[in-house]
Amino acid sequence: MAKHYKYRDDNQLIIDLLKNDSLAIFYVFYNHFNSLLKYNVIKATKGKVLDYSDLVQDLYLYISNNNWEKLRRYDSSMPFVNWFSVVSYRFFKDSVRSMIDSVDKMPISHIENNNISFSSNEIDTFTMDVKNILKDFEPPRDKSILEAFLLKDEEPSVIATRFGVTIDNLYNIKRRALVRLRKKLV
């Protein structure tokens, strides 16, 4: 029999989230507020097709980052649903804005057009470094996408088809994976 989160009040929900209670996390991000999140994604993205589950996962990481720093700023004088709605909408809107502003959409194959050249030894070293860095990178889908872009120089349309995502979503996945990779390297 599956366990379900028993909502009592906003204060208890906050306490349970701060304790990383998996039932409370599932309740907020995947169950009770699912319709609200879908609505905010549609409103923030203005109908662009994006991977909803990736956005919700990123929202969870954003709110839970630094020991739930964002949640600790929650003002209990307002209903949790209001706070969560505002935070999620702003996060989704910022995510879309950063995707549009992202400059890293240029595939490596276009670097040649900028008169940049590398010796064969530099390329081999780069390839080995990237393979070592990506060796333990998670999740596997993100690792495979980065390998396709960085090591195999595959066309975005081919990669998107293989993973069953749109080109825009592919670049979003790539951007987020690169951000996580940079944090891992620091």
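Observations on the structure shown:
- Extension gain, residue 163 back to residue 94 (0.36 nm per residue minus Cα-Cα distance, nm): 22.4 nm
- Just so you know, the Rg over Rh for segment 23-72 is 0.99, from Cα atoms, with Rh as the Kirkwood radius.
- Calculated P(r) tail over 19 Å for segment 10-101, as whole % of Cα pairs: 36
- Between residue 15 and residue 153, the modelled label-to-label distance comes to 6.0 nm, taking each label 7 Å out from Cα in the direction of the beta carbon.
- When each of 131/174; 19/93; 46/174; 70/135 is checked by Cα-Cα distance, pairs over 23 Å: 19/93; 70/135
No lab work stands behind these numbers, since they all come straight from the coordinates. None of the values given here were measured: they were computed from a predicted structure. Here Cβ is always computed from backbone atoms with ideal geometry, including for glycine, and neighbour counts include all displayed protein chains.
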